[in-house]
Amino acid sequence: MSRINAPSRRRAALITACAVIAAAGGTAATLTTPAGAAVPGCTVDYKVTNQWNTGFGAAVTVTNTGDAVSSWKLEWSYAGNQTVTQGWNADITQSGSAVTAKNVSHNGTLATGASTGFGFNASYSGSNAVPTVFKLNGVTCNGGPGGPTDPPGPTDPPGGRVDNPYAGAKVYVNPEWSAKAAAEPGGSRIAGQPTGVWLDRTAAIAGANGSMGLRAHLDEALRQKGTGELVVQLVIYNLPGRDCAALASNGELGPTEIDKYKTQYIDPIAAILADPKYAGLRIVNTVEIDSLPNLVTNTTPRPTATPNCDTMKANGNYVKGVGYALNKLGALPSVYNYVDAGHHGWLGWDDNFGASAELFKQAATAEGSSLAKVHGFIVNTANYSALKEDHFTIDDSVNGVSVRQSKWVDWNRYTDELSYAQAMRAKLVSLGFDSGLGMLIDTSRNGWGGTGRPTAPGARTSVDTYVDGGRYDRRIHLGNWCNQSGAGLGERPRTAPAAGIDAYVWIKPPGESDGSSKAIPNNEGKGFDRMCDPTYTGNPRNNNNMSGALPNAPLSGHWFSAQFQELMKNAHPAL
């Protein structure tokens, strides 16, 4: 969804914009090239993702804004004694302070607008200054956003929003989650990653049981922001009759308490976000996960229908609540609303996909809201669906049998989250949403790495052996969602990684449980869902398969050390 400012016409043959953004401040730069040559251009995002006394981790994203390239080489130098010790997704070498990162076999080709990312760990002592000068394929980035003689490009327009809130911005690191992650063996490797702040009950606004409230988080965000731009990711998650098909994530409000939702939950959040003190922050809201899709798939006459979901469809309070939240929060110029759009293993079937998009439009225009108050949609929130399946496509066939007929795909139209997100975006635009609509993909737990990650397609003896042997997603069934065994951290958060995608994000903080393995009394309104019980043999939503859940899990949202360790072990890209 990001737009790149074009250079002035008098220099269009020579110059394109290349912004170099670092975790500790940024330098906008201009690429120049001889007349007649291909016009290079890039956006480079260099972020220190975590740091400890003797080392640090970094993530680098390169976006090609110029002509397509078939290979790339990125160079920079350190001012201190930083030394790269391990890298991934790039061939990284170092001579003295000079570092060179070259593409590997799978990410050398970059079309215009395409992105690729790589990461590394490094050692250091003393200071860890962020590099300010980069070279892409030998061309130095060293000017301003529009060139030395052009006026600087805009950031946030007064009273308005930018195309992609993540572009050119750091993202808030929740210190509470970061401390839990850092306390785990090996957790310092990811403790500096940005994650979502979940406002999952009214008490969370002020802060409950010693936890930080919304104002405390925003004050900390101002400290982290410094002089640059910063995104704060909030999860708006407290609808009446919440999550009607999953007891583990039931909420505090009853099915009819829509007025409480408006006046005691949304209105106080809006009042805090409207404080001029926070006007310089970019607030990204993930709005009510798992709500609207339930009205499509888990209501009568579907075989997966539940009485609770029938109730919420009949009373309209999901649609009213989402519409009210979008209208109230979307009126604030610093707020960017992204509505939850399920995942491909939920809504990717023909009879779910179009109906869901229509329902999203209905909710976006309810309670005084409008399509303009939806900045985008988010998929795979707190779920495990693979980002991109490389070993099979929806168009493949084996012995004349379509991949769609395999037990795993089961007639779905999509094989992974990236293809689903891009298709849902196109569908929503066709229904009248803005053509600049952006998508987010939660990659916090969909890496599926480790020793079990397939390296090639499965055997072509049947369509099932072909798909099952090659799929990254190792769940027993796509319908399994609770504390999945074998899952790993996915792609690190990064900006504009693919066409139509504003960012990969970690909205679900890794290590926070999806639900308890057994019934646990609590005052948080959270029930016991058998899908979180590793001994459960399933229901129609997962075709009566085992749940695939990890044992000994705590209540949803509580820290689950064993899961955190497994996520790190199976991370892809590896830590």
Overall Cα dimensions of the stretch 91-141 - principal axes, largest extent first, Å
39, 22, 18
When you take every Cα atom in the stretch 292-397, what is the radius of gyration, and what is Dmax, the widest Cα pair distance, in Å?
15.5, 49
What is the percent carbon and sulfur in the accessible area of the chain, measuring with a 1.4 Å probe over the protein chains and ignoring ligands?
53
In nanometres, the difference between 0.36 nm per residue of separation and the alpha-carbon distance of T109 and R215 is 33.7 nm
Please give me the summed charge of the neighbours of G348: other residues whose Cβ is under 11 Å from its Cβ, Lys and Arg +1, Asp and Glu -1.
-3
If you roll a 1.4 Å probe over the heavy atoms of the protein chains, what accessible area per residue do you get for the chain, in Å²?
38
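Is the stretch 461-504 rounded, prolate or oblate when judged by the Cα gyration tensor, a ≥ b ≥ c being the square roots of its eigenvalues, rounded requiring a/c under 1.5 and prolate requiring a/b larger than b/c?
Values: a/c = 2.83, a/b = 1.61, b/c = 1.76.
Here the stretch 461-504 falls in the oblate category.
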Counting Lys and Arg as +1 and Asp and Glu as -1, each charge on the Cβ, what is the dipole of the stretch 230-276 about the Cα centre in debye, to the nearest 20?
80
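Using the Cβ atoms and a cut-off under 10 Å, what net charge is assigned to the surroundings of G138, where Lys and Arg are +1 and Asp and Glu are -1?
Values: positive: K73, K135; negative: E75.
That works out to +1.
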Per residue Cα convex hull volume in Å³ - calculated over the stretch 396-454
123
Helical segments meeting 24 Å axial Cα length and Kyte-Doolittle 1.6 threshold in the chain (DSSP H):
none
In straight Cα distance, which aspartates and glutamates are under 17 Å from K508, not counting same-chain residues fewer than 8 positions off?
E176, D200, D243, E288, D290, D340, E417, D442, E491, E566
Output needed for the stretch 406-538: three equivalent-ellipsoid semi-axes, defined as square roots of 5 times the C-alpha gyration tensor eigenvalues, in descending order, whole Å.
27, 24, 16
Taking the square root of 5λ for each eigenvalue of the C-alpha gyration tensor of the chain, the equivalent ellipsoid has semi-axes, largest first and in whole angstrom, of 37, 28, 24
Just to be sure I follow the rule: in the stretch 212-351, considering lysines 8 or more places apart or on different chains, how many pairs have Cα atoms under 14 Å apart?
5
So what are the stretch 499-549's ellipsoid semi-axes, whole angstrom, largest first, if each one is the square root of 5 times an eigenvalue of the alpha-carbon gyration tensor?
26, 19, 9
For K180, which aspartates and glutamates qualify as cross-link partners when the Cα separation must be under 13 Å and same-chain residues fewer than eight apart are set aside?
E512
Charge dipole (debye, nearest 20) of the chain; +1 at Cβ of Lys and Arg, -1 at Cβ of Asp and Glu
740
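The values are calculated or read from the model by the stated rules, or taken from the named source; none is laboratory data. The model shown is predicted, which means the values in this text are computed figures rather than measured ones. As a convention, Cβ positions derive from the backbone with ideal geometry for all residues, glycine included, and neighbour counts pool all protein chains shown. Only protein heavy atoms, including side chains, enter the accessible area calculation; ligands, DNA and RNA are left aside. Shrake-Rupley method; radii C 1.70, N 1.55, O 1.52, S 1.80 Å.
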